[in-house]
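Quick note: the coordinates plus some simple rules give every number you see, no bench work behind them. Computed from a prediction, not measured in an experiment: that's the story for all the values here. Here Cβ is always computed from backbone atoms with ideal geometry, including for glycine, and neighbour counts include all displayed protein chains.
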Ligand SMILES: *Cc1c(COP(=O)(O)O)cnc(C)c1O
């Protein structure tokens, strides 16, 4: 059976009573401790850590990580604005986006750094801001996500400028008199130090051809273990070969490159959890399964149905009492057969019952590892369920509201009826 992390049983029940369910809970202590680990990433000529804000864009989380010394990686113009509204100075935000924002000129005038992710983006920026500094995202020709859906490098990925197109980059840079001072590659390198070293080598090979480059980002993608038997990336081990490569580059080329990394998952993944409640139990006969239905699911966490991701799940009885155990599947509350929180590992098509405390309707259920790509990436408002509440467990031991549960009025706020339908 999985154990509780982040919260005690009493805290899980306190969340359920004070805020209702489903509610996301983030731990300030865990966020700050992950930020310290990231800031200790091995480096030789300086380090900037950017929080990839798409992982969990709540203002409270952004502010905690920014105060801890982290800058911001924004994946859209909206994310850049959101980080600014959360109080991040614009000069600490870098935009690395698939879609060029309509307000690019405005953002850059306010001080946001721009990282061009395609030749088109580079030319558009050059037209707006000739003579300025710019950075480019390259696809170094290597990918390393845990599945095709999270792979962000190699020939089957659309992210960044293909490494063989540097001639076109240099022509555009020349045409607009740009200063190409930043180089970026985010391939989702995972945990393996050998992959980080290989990626650093490929990226620095590109930097060698771009004489003005002073800062190089290796992106994010540091894996974390959510389940008890999974391990998290040791940043010291992953980063040492990267630091060695930067050192070697300085010796060979006489340029001391500033390192950047951009973790998302690593910073917030295990710093957040969902507290939900058992709303029903059904079984499908002796040859079937026992299902626990909870008042959460794809509306808060898509990862199990999307990738077969495993999250630790603990039934927290109320009131505490002796209970037996059993093997259960957990179904979410959406009218969608894929809304299952207990798929087989990496296979959303298959079911894998878990050993859990025997549940009763009304019990709290803790779902761990929900800090990254959950609140920000779920099937919001599907079945017209409101966006969940988000709270922070502060280092003061108190629970603080970060976002209220949405109301039906808020879900409907932007709807209108044409006159011919309104009577
Ligand atoms: C999403 C993203 C990251 C963070 O990835 P994680 O896997 O959450 O660490 C970093 N950089 C860029 C450009 C991204 O798009």
Inset, instruction - Could you grab the relative contact order for region 68-113? Cα pairs under 8 Å, six or more apart, rounded to a whole percent. - result: 44
Legend entry - Space enclosed by the convex hull of the alpha-carbon atoms of region 348-391, per residue, Å³: 156
Legend entry - Cα radius of gyration and Dmax for region 24-139 (Å): 14.9, 46
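Express the relative contact order of region 23-92 as a whole percentage, based on alpha carbon pairs under 8 Å and six or more residues apart in sequence. Kindly include the intermediate steps, with their values, before the conclusion.
Values: 68 pairs, mean separation 22.3, N = 70.
Over region 23-92, the number comes to 32 percent.
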Inset, instruction - Rank 293, 380, 209 by mean-square fluctuation in a GNM of the chain with C-alpha springs under 10 angstrom and give only the top-ranked residue. - result: 209
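Just check region 75-193 against the gyration tensor rule for me: Cα atoms, a ≥ b ≥ c as the square roots of the eigenvalues, rounded for a/c under 1.5, and otherwise prolate or oblate depending on whether a/b exceeds b/c. Can you show the working numbers first?
Details: a/c = 2.16, a/b = 1.21, b/c = 1.79.
Cα axes put region 75-193 in the oblate bin.
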Inset, instruction - Fewest Cβ neighbours within 10 Å first, please rank 305, 337 accordingly. - result: 337, 305
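May I ask for the percentage of alpha-carbon pairs in region 233-290 that lie more than 20 Å from each other? Can you show the working numbers first?
On the way: 996 of 1653 pairs.
Of all Cα-Cα pairs in region 233-290, 60 percent lie more than 20 Å apart.
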Inset, instruction - Could you estimate the translational diffusion coefficient of region 269-412 from the Stokes-Einstein equation, with Rh from the Kirkwood formula over C-alpha pairs, at 20 °C and 1.002 mPa s, in whole µm²/s? - result: 136
Inset, instruction - When a/c is below 1.5 the answer is rounded, else prolate if a/b is larger than b/c, else oblate, so apply that to region 28-268 with a ≥ b ≥ c taken from the square roots of the Cα gyration tensor eigenvalues. - result: oblate
Inset, instruction - With a ≥ b ≥ c taken as the square roots of the eigenvalues of the C-alpha gyration tensor of region 1-70, please select rounded if a/c is under 1.5 and otherwise prolate if a/b is larger than b/c or oblate if it is not? - result: prolate
Legend entry - Of 344, 74, 413, the one that fluctuates the most in a GNM where the chain has Cα springs shorter than 10 Å: 413
Legend entry - DSSP-defined antiparallel bridges as percent of all bridges, the chain, nearest 5: 45
Legend entry - Relative contact order for the chain, counting Cα pairs under 8 Å that sit 6 or more residues apart, in percent: 20
Inset, instruction - Please work out the C-alpha center-to-center distance from region 104-133 to region 14-28 and express it in whole Å. - result: 41
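Let me have the 222 nm mean residue ellipticity of the chain computed from DSSP H runs of 4+ only, each contributing -39500 (n - 2.57), with the sum over all residues rounded to the nearest 500.
Details: 12 runs with 116 residues, N = 423.
Taken over the chain, the calculation gives -8000 deg cm²/dmol.
Rank the residues 33, 191 as a footprinting-exposure proxy: fewest other Cβ atoms within 10 Å of their Cβ go first.
Ascending Cβ contact count within 10 Å gives the list 33, 191.
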Inset, instruction - Report Rg (one decimal) and Dmax (nearest whole number) for the chain, counting Cα atoms only, units Å. - result: 23.1, 77
Inset, instruction - Calculate, for residue 256 and residue 110, the FRET efficiency according to 1/(1 + (r/R0)^6) with r their C-beta to C-beta distance and R0 25 Å; round to the nearest 0.05. - result: 0.30
Legend entry - Inter-centroid distance (Cα atoms) of region 271-342 relative to region 343-389, Å: 6
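Based only on other Cβ atoms within 10 Å, what is the fewest-to-most ordering of 162, 196?
Working: 162 16, 196 26.
With the fewest neighbours first, 162, 196 line up as 162, 196.
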Legend entry - Overall dimensions of region 189-248 as given by Cα atoms, namely Rg and Dmax in Å: 13.2, 46
Inset, instruction - Using all C-alpha to C-alpha distances in region 249-325, build P(r) with 10 Å bins and read off the rounded percent in each one. - result: 12, 30, 25, 12, 9, 6, 6, 0
